[in-house]
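The values are calculated or read from the model by the stated rules, or taken from the named source; none is laboratory data. These figures come from a predicted structure and were not determined experimentally. Positions of Cβ are generated from backbone atoms using ideal geometry, with glycine treated the same way; all protein chains shown enter the neighbour counts.
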Amino acid sequence: MDHRDADVHNFSPTQHRLPTVSGIEALQNATANAKGISSCLPALDAALLPSELSIATPGIQRGVVTEIFGPPGVGKTTFGLQVAVNALHTTHDQSHVLWVNTGSPLIQARLGQLIAGYEPSNKSSSDTPPAPNINSLLNQKLTYLEAHTLPRLLTVFLHPTRSLPSPKTCLIVVDDLSSLLLGSFSRNARNLKPAAPAAIKEKLEKRAAGRRFQIIESLGAAMSKMAAIRNIAILVLTNSTISLKHGQKAGLKPALSSQAWDTAVHTRIMLYRDFPNSEQASQLARLETSALRYAEVQRLARKEFYSQPVPFVILTSGFRQLNLPGLKHDDEHAVEPNGAEPHPAPVNLPLLPDELSQPSQAKKRKAVEIADSEEDEDEDEAGDEADQSEPDEPDLPALHTRVQQSSQKEEEMILDAHETAMLRAARYASFRGSEDAIPEPSSESEEGVADSDADEDDG
């Protein structure tokens, strides 16, 4: 007891097992870890900003897995190169980049063009460091790794070493991951004879599907763990497939669209092409290009999220964002206190590849609003009529006119069909004679004649 009391009274921070960290140092560490990596598209960077962290900066967030998917030739690899160039030019210590090639080789000439055309966001001459040499920058901060087999890729993330990735790494780009994963697993069972029973084929296919699910889930969990522990932004580039469903429009979806992979993806961005409008056509003419692309955030914080598509073009010097619909210039955007641009107001947008026409559902009444008697129902109806007569809600005369016209046309069509059926029935009865149509007596004389004829027959 004496020893325990002495230990309590003689407590000192140096002998405690937990290190002491000052508030300023903790804030600086949190601010450095929350710095995003720019994509050269300000509107897209603002959409990726997490709302729960006021100290975070716009861009590709660190500590999570971000997936970029789209059809071939839309610019996924160039997007990864642009983000890598922006990460290489950051001023903090952790500015190294690891590029993992799983099937698409890295074009060094294209990377050199993006580095030469890099423009810092802060253009003040006092804060901007001098432009470094391209070769020295790549040799010091860029690590290129080829992983053309699935075991090699699994080793990188499941069994990382101290030197790979480097402790100064802030970004890992995995290019063309979907081709490697889908190509490594076959849907058909191997070493199976054509004359094998259907039950055996089904059993082997289920076993192969379970093995594929397990490996994809392990790879995604390893990526999420590495990103969270080492505070690294992992950017995964995948292809897309076309989703065809009955009664819906065709849309794009990720090639790795499965529950095992979706649990690891924190943010998902879709890239696609579209036709420009008149305003965008004039902008493309000034930039001497005709390829218009869009970037849209579809998943954020592991939840489905749909934002305004960001139009952009790919030039020799890098990405260039076009004016958003409804805004005159990008410089007129208001800036929030944390440095992020506000979300643009919803406007009329072009049809997207995955946009589906969903019918509007009627508003349901709450449980507390259910009428208990007929008097309450009458009061509710009177209140609804009073609400509808308020001037705040706009009237829709065109909609009512169309509904009335459609209802009148339907009634006319029903009457026409009924008259046609009656005419056909009368004509059919006249052809067959009195078997189907029994004439009714028109007067009392005709009834008497009919009764006398009946008496004669009886006699």
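Quick one: what pairs do we get from region 239-250, first residue of a type outside the set (S, T, N, Q), second at pLDDT 85 or above, C-beta under 6 Å, 6+ apart or different chains?
ALA250/ILE242
Could you pull out every one of the helices (runs of 4 or more DSSP H) wholly within region 114-211 that has 3 or more residues that are at pLDDT 90 or above and in contact with a helix residue (DSSP H, G or I) (Cβ under 6 Å, 6 or more places away or on another chain)?
Filter on region 114-211 gives 150-158.
Note down all Cβ pairs under 9 Å where the first residue falls in region 288-300 and is farther than 21 Å from HIS266 by Cβ, the second is among the aromatic types (Phe, Trp, Tyr), and they're at least six residues apart or on different chains.
Taking only residues 6 or more apart or on different chains, the pairs are LEU292/PHE275; LEU292/PHE312; ARG293/TYR272; ARG293/PHE312; TYR294/TYR272; TYR294/PHE312.
Okay, residues lined up against (1) out of contact with any Gly (no Cβ under 8 Å at 6 or more places or on another chain); (2) of a type outside the set (Gly, Ala, Ser):
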site	(1), (2)
ALA196	yes, no
GLU205	yes, yes
GLN214	yes, yes
ASN239	no, yes
ALA250	yes, no
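Could you check PHE79 against (1) crowded, with 24+ Cβ neighbours inside 10 Å; (2) part of a loop (DSSP other than H, G, I, E, B) and say which number it fails?
Only one criterion is unmet by PHE79, namely (2).
Return the residues of region 217-245 that are more than 18 Å from ARG302 (Cα to Cα), under 22 Å from the mean Cα position of the chain (by Cα) and not in a strand (DSSP E or B); say none if nothing qualifies.
Result: ASN239, LEU244, LYS245.
Got at least one residue in region 292-301 being touching a His at 6+ places or on another chain (Cβ under 7 Å) and surrounded by fewer than 16 Cβ atoms within 10 Å (Cβ to Cβ)?
Yes, the conditions are met somewhere in region 292-301.
Applying the selection to region 263-282, what residues are surrounded by fewer than 17 Cβ atoms within 10 Å (Cβ to Cβ) and either of a type in the set (A, V, I, L, M, F, W, C) or touching a residue at least 40 places away in the same chain (Cβ under 8 Å) (or both)?
Result: THR263, ARG273, ASP274, PHE275, ASN277, GLU279, ALA281.
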